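Written below as structure tokens is the structure these notes are about.
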Amino acid sequence: MTTTRDPERPGRLLRAERENLLPLLRRTPLEAFELPTACPDWTVRELLAHCGAALMRIVDGRLPAFTPEHNAADVAERADWPVQRILDELEFGMVEAGPAIEAAGGDLDVIALGEWVHAGDIREAIGAPGAYESLGTDDALALLATVSRERLTPRVCAITPCGDWVLGNVLDGRAAAELSCDEGTLIRMYTGRPVAPERYRLAGASREELVIYR
């Protein structure tokens with residue numbers, strides 16, 4: 001599928017999660033916000049605080065940011081916020097950050113992808129179906145194809161039920177790897193999330209080489 005940059009794609013991804021994730025969270029029992037997530041040391045509540053804070057940094061123009069130190073400070077700042085306030089900030093950011101990301105010319109597109117992936121982490125943690133195959137999957141995969149090249153992963157031809165994707169970079173003396181899996185598994189593999197071995201077939205590369213977040 002085509003991966004030509006669409007400047008409206010990051011905003012669409014954020015709006016998709018506003019429509020998909022926020023209503024789910026607003027009817028989720030409070031105790032579920034203390035569940036662990038795929039992100040080490042962060043509960044659902046803390047991961048949501050990180051997501052909202054990252055978007056507000058973009059809205060407010062507080063860049064560069066997104067270092068581990070910034071992220072930890074943002075979460076700590078929100079430690080005593082009620083869940084409702086955390087969700088309100090996240091929803092505001094999902095609406096307002098899109099134009100700022102678009103104006104950055106591609107430099108911040110990876111943040112929108114990260115927010116979408118974290119929404120999958122949240123769904124996974126609370127047991128919601130389709131964790132990494134929600135509304136916006138095609139836009140997420142198109143962004144992933146771009147980021148996989150920027151992060152210097154090897155060339156992979158991925159075959160999924162809904163289409164084929166070319167990710168990563170051609171490496172001298174090395175043929176493209178081949179990957180067959182569903183879309184959610186593709187996202188999991190490139191973002192370092194747990195994947196059952198029977199969910200994919202990969203030849204010509206290792207799983208570790210594909211991960212874009214280090």
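Odds and ends about this structure:
- Condition check for Leu30 on (1) open to solvent by less than 60 Å² (accessible area, probe 1.4 Å); (2) more than 19 Å from the chain's Cα centre (by Cα): one failure, at (1).
- When Asp6 is tested against the conditions (1) open to solvent by 50 Å² or more (accessible area, probe 1.4 Å); (2) closer than 30 Å to Val166 by Cα; (3) not in a helix (DSSP H, G or I), the lone failure is (1).
- Only a single item in (1) touching a residue at least 24 places away in the same chain (Cβ under 8 Å); (2) open to solvent by less than 50 Å² (accessible area, probe 1.4 Å) is not met by Ala65, and it is number (1).
- Against the list (1) touching a helix residue (DSSP H, G or I) at 6+ places or on another chain (Cβ under 9 Å); (2) open to solvent by 20 Å² or more (accessible area, probe 1.4 Å), the condition Ala119 fails is (2).
- Scanning region 41-70 for residues that are part of a loop (DSSP other than H, G, I, E, B) and not hydrophobic (A, V, I, L, M, F, W, C) yields a count of 5.
- Count - residues of region 167-204 that are open to solvent by 20 Å² or more (accessible area, probe 1.4 Å) and closer than 20 Å to Val117 by Cβ: 10
- A single entry from Ala79, Ala73, Ala128, Ala100 fulfils the requirement of being modelled with pLDDT of 90 or more, farther than 27 Å from Val195 by Cβ and outside any helix (DSSP H, G or I): Ala79.
- Scoring Asp109 on the criteria (1) in contact with a Gly (Cβ under 9 Å, 6 or more places away or on another chain); (2) of a type outside the set (S, T, N, Q); (3) within 19 Å of Pro10 (Cβ to Cβ); (4) open to solvent by less than 30 Å² (accessible area, probe 1.4 Å) leaves a single failure, condition (1).
The values are calculated or read from the model by the stated rules, or taken from the named source; none is laboratory data. Computed from a predicted model, the values in this text were never measured in an experiment. We place every Cβ from the backbone using ideal geometry, glycine too, and count neighbours over all the protein chains shown. These accessible areas exclude ligands, DNA and RNA; they are computed on the full protein's heavy atoms, side chains included. Shrake-Rupley method; radii C 1.70, N 1.55, O 1.52, S 1.80 Å.
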